[in-house]
Amino acid sequence: MPVRRKIKVRVRGKVRNQLLRRGGMAAGLTLGLLLGSWLFGAAIKNYRRILADRLSFKPELFEVNCPSREAAESLRALAADAAKRPFSSRRAGELAAEMRRLRPGLASVDISRNFFTGKASVKAVPERAVAAVLADGATAYLGVTGRLMPEDLSASAGLPFAVQLRGAPREAPALSAFLAGLGPLVPLFYSAPQALSCDGTSWDCRLRLADGSVVLWGEFEFTRLKILRLNEVMNDALQKSGGPLRADLRSFREGKIFVSALTQP
């Protein structure tokens, strides 16, 4: 009876290593998928929790930061109505707009929410007023952006002369920039400015000086150079004919200044 021989299968080392690597990769891939699925589920839960917190956020307190004490008090009173009520990002934007309408002298209002402390913060910044303006008989304040505001919350020093505006537009950015640059140059005038009167349509401006002379200013350009040249021309003219005088700077760009006796102050 023939004897059966047992055959023992031997796997070469190279093949065995390949099989082990493939098995390790499959196990690692499976583990990675399981871990990723768990992390994704945890992220969804956290997102839902954060979203729920945001939707149900009710500020216990509003902190108001504003340099103007008067404005800060009125903003706190307005914010008090929003306390302990649902306060979404949309509601924060609406409240900021309400504060701007309540205090038109503000340049910006930013409201932030702190979900850890349960507080909301209001940061209000007043717009700096360049000058007080008598606009068509009513007092207004010309801001640095050119806005004509009914209030000045910046406590700015203003200008040492009066400003009148006829046919006042809602905004006058060119006039604001001119006055902001003119203010520091006032000491250069041979005679101190007393009043500036401008037409809000044509922007023809007249500057009355302390000696009674009137200057037709022209364009809002070359301000410093205009003052220095005006001083030279007026000093010469005053020595010859006395005053008060009328100086026309509207052709200054062409290098011309016309001086005559003032017949109608």
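No lab work stands behind these numbers, since they all come straight from the coordinates. Predicted model, so just to flag it, every value in this text is computed and none were measured. All Cβ positions, even for glycine, are placed from backbone atoms using ideal geometry, and neighbour counts span all protein chains on display.
Can you tell me the order of 167-177, 83-93 when each peptide is scored by its average per-residue count of other Cβ atoms within 10 angstrom, highest first? Working shown, then result.
Numbers: 167-177: 16.5, 83-93: 13.5.
My ranking of the peptides, most packed first, is 167-177, 83-93.
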> For residue 75, what charge total do you get from the other residues with a beta carbon under 14 Å from its beta carbon, if Lys and Arg give +1 and Asp and Glu give -1?
Replying inline: -1
>> Among 237-244, 150-157, how do they line up by average Cβ neighbours within 10 Å per residue, starting with the highest?
In response: 150-157, 237-244
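By the scheme Lys and Arg +1, Asp and Glu -1, what is the net charge of all other residues having a beta-carbon under 12 Å from that of residue 247? Intermediate results must be reported in sequence, preceding the final value.
Numbers: positive: 206, 208, 226, 229, 246, 250, 256; negative: 211, 232, 236, 248.
Summing Lys/Arg as +1 and Asp/Glu as -1 gives +3.
Nearest 0.05, what FRET efficiency do residue 201 and residue 221 give at R0 = 22 Å with Cβ-Cβ as r? Walk me through the numbers before you get to the answer.
Working: r = 19 Å, r/R0 = 0.87.
Efficiency at R0 = 22 Å is approximately 0.70.
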> Which distance in nm do the two modelled labels at residue 123 and residue 70 give, with both placed 7 Å along the Cα-to-Cβ direction?
Replying inline: 2.5
> At a Förster distance of 25 Å, what's the computed FRET efficiency of residue 77 paired with residue 115, Cβ-Cβ distance as r, to 0.05?
Replying inline: 0.50
>> Run the simple label-point estimate for residue 139 and residue 85 please: 7 Å along Cα→C-beta, distance reported in nm.
In response: 3.5
> How big is region 87-201 in terms of Cα radius of gyration and Dmax, in angstroms?
Replying inline: 17.9, 62
>> Using only the alpha carbons of region 129-261, what is the convex hull's orientation-averaged projected area in square nanometres?
In response: 7.6
> So how much slack lies between residue 132 and residue 256, counting 0.36 nm per residue of separation and subtracting their Cα-Cα distance, in nm?
Replying inline: 41.5 nm
